[in-house]
Amino acid sequence: MTTTTLTIKTDKALRDAAKKTAGELGIPLTTVMNSLLGQFVRERRFEVSLEPRLLPHVARRLEKISREMDEEVKNGTAQIFTDADSLLKHLKLI
């Protein structure tokens with residue numbers, strides 16, 4: 001396999017964070033980039049969206065909060081909050 005060097009401009013903080021994440025996974029950043037480029041070539045597409053999308057861990061947390069709130073209403077233990085900070089503390093978001 002013949003290799004070449006690809007030079008791109010990217011934010012230093014983004015590069016460093018990507019390198020750290022790859023390192024945590026035990027793979028070099030080059031492997032990540034080659035994988036992404038290969039996927040782009042195979043699928044002939046990449047996704048760009050202006051629509052916000054919840055990250056899976058955020059969606060799971062919101063679903064858990066919703067179930068807890070439903071249970072509190074059903075049990076008659078739901079609380080009334082007079083300010084946002086109290087609500088956020090109750091939901092363990094701060």
How far, in degrees from 0 to 90, does helix 12-25 lean away from the longest principal axis of the Cα atoms of the chain, to the nearest 10?
80
With θ taken as phi - 60° and the coefficients 6.51, -1.76 and 1.60, list the Karplus ³J(HN,Hα) couplings across the stretch 34-42 in order, rounded to whole Hz; mark glycine and proline as x.
5, 5, 5, 5, x, 5, 4, 5, 4
Calculated from backbone phi, Karplus (6.51, -1.76, 1.60) coupling profile of the stretch 55-67 in Hz, x at Gly/Pro:
5, x, 5, 6, 4, 4, 5, 5, 5, 5, 4, 4, 4
Calculate for the chain the 222 nm mean residue ellipticity that helices alone would give, adding -39,500 (n - 2.57) per DSSP H run of length 4 or more and normalising by residue count, nearest 500 deg cm²/dmol.
-19000 deg cm²/dmol
For the chain, what percent of Cα pairs sit more than 18 Å apart?
71
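Read-outs throughout are calculated quantities, based only on the coordinates presented, and are distinct from any laboratory measurement. Worth saying up front: this structure is predicted, and the values here are computed from it rather than measured.
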